[in-house]
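Take a look at the structure below.
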Amino acid sequence: ISSLPKENGWVASHLYKYQGFWNPARHLQGIMICQKNFVARDSDVFLVTTPKSGTTWLKAILFTLINRKYCPINQNHPLLRNNPHDLVPFLELKLYVDNQIPDLSNLNSPRLFATHIPFFSLPKSVQDSSCKLVYLCRNPKDTFVSLWQFSNKLRLQEMGSNSLGETFDMFCRGVSIYGPFWDHVLDYWKESMEKPHKVLFLKYEDMKEQPNANLRRIAEFLGRPFSNEEEESGMVEGILKLCSFDTLSNLKINRTGKLSSGEENKAFFRQGKVGDWKNHLPIEMAQKLDQITEQKFSGSGLVM
Ligand code: A3P
């Protein structure tokens, strides 16, 4: 584990490098305890993202898809009363945080967990078992802007500073929460190419553009395509509407509630759009991110 030299300022002093990626101390401790103790089941489903790439959205979608006993158009659906983060726990930020070792053996299959852990740092049993990983990423310009806005709003030292320029330079050098961003994405991309039955690779932009087709893709990947009966009941449209930015961000629980970890639920809903970077990033910064992306993804077949 190596930390950045002190001269890089207070942001750096809160991030530590472990197995090639930067993490805040609390997350890192969670990752290590999880690596040591988590035992995957073949039926487990993991939702994996880089921070700010649509985790909240995907949590809502996967929860609804896996728990079809709750009808998405019913007024009793758990998503109407709970923030998605309270329904789908993060391994390293919730279950294994603060030295906890939870007993997960009582949970019914399929268990659904979320994580930001980079592919090669996942607990060994996740890599070795037949469990499934749904990976969602987002173009680095919107991801960076969303991260910067979020960290400023919550004043999260570990995520960035108040200066756009400083946070940007560090992001480009790979020093961001769970960064380097590009390495995180690339490792999961390669894995999805080699093992498409194990890793489903999704992009936020595609989900926005073709929500219906992508929802069906996820359902099929999980081995639970929609039945004729479900199709006829309007389940696909029901899930998309329930999990949409408009619906979730306007629910009382998400406008006024807080997570058990203290963050306000509304912090997870800002714009929910593709291309908001244009309102925040000077053109030189956008070009620099494009350049890095092109260079890092060159030859991989991945375009963003
Ligand atoms: P913006 O800051 O660009 O608005 P995460 O969930 O990984 O923390 O990512 C947060 C980003 O996803 C925020 O992006 C947020 O507005 C957006 N988001 C949250 N819920 C969404 C939804 N249901 N559909 C689309 N985007 C959503």
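Kindly check whether there is at least one residue in the range 159-168 that is surrounded by 17 or more Cβ atoms within 10 Å (Cβ to Cβ) and in contact with a Gly (Cβ under 8 Å, 6 or more places away or on another chain). Full working, then the answer.
Residues of the range 159-168 that are surrounded by 17 or more Cβ atoms within 10 Å (Cβ to Cβ), as a first pass: 159-161, 164, 167-168.
Those still in the list that are in contact with a Gly (Cβ under 8 Å, 6 or more places away or on another chain) too: 161, 167.
Within the range 159-168, one or more residues are surrounded by 17 or more Cβ atoms within 10 Å (Cβ to Cβ) and in contact with a Gly (Cβ under 8 Å, 6 or more places away or on another chain).
If Ser227 satisfies all but one of (1) under 16 Å from Ile66 (Cα atoms); (2) within 16 Å of the ligand (Cβ to nearest atom), what's the number of the condition it fails?
Every condition holds for Ser227 apart from (2).
Exactly one of (1) at pLDDT below 95; (2) in contact with a Pro (Cβ under 7 Å, 6 or more places away or on another chain) is unmet by Gly262. Its number?
For Gly262, the exception is condition (2).
Filter the range 10-68 down to the residues that are farther than 22 Å from Leu104 by Cα, part of a strand (DSSP E or B) and out of contact with any Ser or Thr (no Cβ under 8 Å at 6 or more places or on another chain), then identify the one that is modelled with the highest pLDDT.
Residue satisfying both the conditions and the ranking: Asn23.
If you check Asn254 against the conditions, is it under 14 Å from Asp142 (Cα atoms) and within 16 Å of the ligand (Cβ to nearest atom)? Working first, answer last.
Numbers: under 14 Å from Asp142 (Cα atoms): no; within 16 Å of the ligand (Cβ to nearest atom): yes.
Considered against the rule, which asks whether it is under 14 Å from Asp142 (Cα atoms) and within 16 Å of the ligand (Cβ to nearest atom), Asn254 comes out as no.
For residues that are part of a helix (DSSP H, G or I), within 15 Å of the ligand (Cβ to nearest atom) and surrounded by 16 or more Cβ atoms within 10 Å (Cβ to Cβ), tally how many sit in the range 268-285.
Within the range 268-285, residues that are part of a helix (DSSP H, G or I), within 15 Å of the ligand (Cβ to nearest atom) and surrounded by 16 or more Cβ atoms within 10 Å (Cβ to Cβ) number 3.
Scan (1) assigned to a loop (DSSP other than H, G, I, E, B); (2) touching a residue at least 24 places away in the same chain (Cβ under 8 Å) for the single condition Asn108 breaks and write down its number.
(2)
Go through the range 203-224 and report how many residues are within 12 Å of the ligand (Cβ to nearest atom) and of a type in the set (A, V, I, L, M).
Total satisfying the criteria: 1.
Quick check on the range 34-54: of everything there that is within 29 Å of Asn139 (Cα to Cα) and among the charged types (D, E, K, R), which residue is surrounded by the most Cβ atoms within 10 Å (Cβ to Cβ)?
Per the criteria, the residue is Lys52.
If you scan the range 55-85, which residues turn out to be touching a residue at least 60 places away in the same chain (Cβ under 8 Å), farther than 20 Å from Arg138 by Cα and in contact with a helix residue (DSSP H, G or I) (Cβ under 9 Å, 6 or more places away or on another chain)?
Matches in the range 55-85: Thr64, Leu65, Arg68, Cys71, Pro72, Ile73, His77, Leu79, Leu80, Arg81, Asn82, Asn83.
Within the range 117-141, can you find the residues that are closer than 15 Å to Val199 by Cβ, part of a loop (DSSP other than H, G, I, E, B) and in contact with a strand residue (DSSP E or B) (Cβ under 8 Å, 6 or more places away or on another chain)?
Ile117, Pro118, Leu122, Cys131
Quick one: in the range 233-244, of everything that is without any contact (Cβ under 8 Å) to a residue 60 or more places away in the chain and under 19 Å from the mean Cα position of the chain (by Cα), which residue is farthest from the ligand (Cβ to nearest atom)?
Start the filter on the range 233-244 by keeping residues that are without any contact (Cβ under 8 Å) to a residue 60 or more places away in the chain, which leaves 236-237, 240, 244.
Within this subset, residues satisfying the condition of being under 19 Å from the mean Cα position of the chain (by Cα) are 240, 244.
Numbers: Leu240: 10, Ser244: 6 Å.
Selected residue: Leu240.
The values are calculated or read from the model by the stated rules, or taken from the named source; none is laboratory data. In this text, all values refer to a predicted model and were calculated from it rather than measured experimentally. Glycine also receives a Cβ, built like all others from the backbone with ideal geometry; neighbour counts cover every protein chain displayed.
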